[in-house]
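What follows is a single structure, written as structure tokens, with notes after it.
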Amino acid sequence: MKVNFMLNGQSQLFEVAPGEFLLDTLRNHQIVSVKKGCDESSCGVCTVLLDGKPVLSCSLLTVRADGHEITTVEGIQAAVGRISDYFGHEGADQCGFCNPGMALAIYALQHEIKHPSDKQIKEYVRGNLCRCSGYQAQFIAIKRYLEDQK
């Protein structure tokens, strides 16, 4: 079946199998920043933005994206570069596997909640698991990034 959606600002038409998940569709078309982690919708490495809101692409059927806007880190490279700088300064990334999903969540948070509290920040990114760095350095990096974007 054919599915049409905006991918990083460009209209894309994909031929997909029934029951195909968005994660697989994107990776099959060389969007490799979207990672395959748990396949259980619990780690966040497959996060993309659907109409600006974070969703887990491993549990979203591609047909449900029809007519919508999908954003990956390739579509927000300037913001991702800035977010990455904050993570680097705080020593908040090691292997980098979780970074794309985390960056998309931070980007969405920044646009949804103008002055988030510490609790709101932690709640917003809680579905993005990191197996390397722990979360304190990430939280500090996110907080500093958001404060500097005001």
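The numbered conditions (1) outside any loop (DSSP other than H, G, I, E, B); (2) surrounded by fewer than 21 Cβ atoms within 10 Å (Cβ to Cβ) are all true for Ser41 except (1).
Kindly evaluate Thr47 against the criterion of being farther than 24 Å from Gly134 by Cβ, of a type in the set (Val, Ile, Thr) and at pLDDT 95 or above. Spelling it out, it is not the case that Thr47 is farther than 24 Å from Gly134 by Cβ, of a type in the set (Val, Ile, Thr) and at pLDDT 95 or above. Inspection of the range 44-66 finds a residue satisfying the criterion of being assigned to a loop (DSSP other than H, G, I, E, B), out of contact with any strand residue (DSSP E or B) (no Cβ under 8 Å at 6 or more places or on another chain) and farther than 21 Å from Gln149 by Cβ.
The values are calculated or read from the model by the stated rules, or taken from the named source; none is laboratory data. Note that the structure is a prediction, hence the values are computed from the model and not measured. Every residue, glycine as well, gets a Cβ built from its backbone with ideal geometry; the counts of neighbours run over all protein chains shown.
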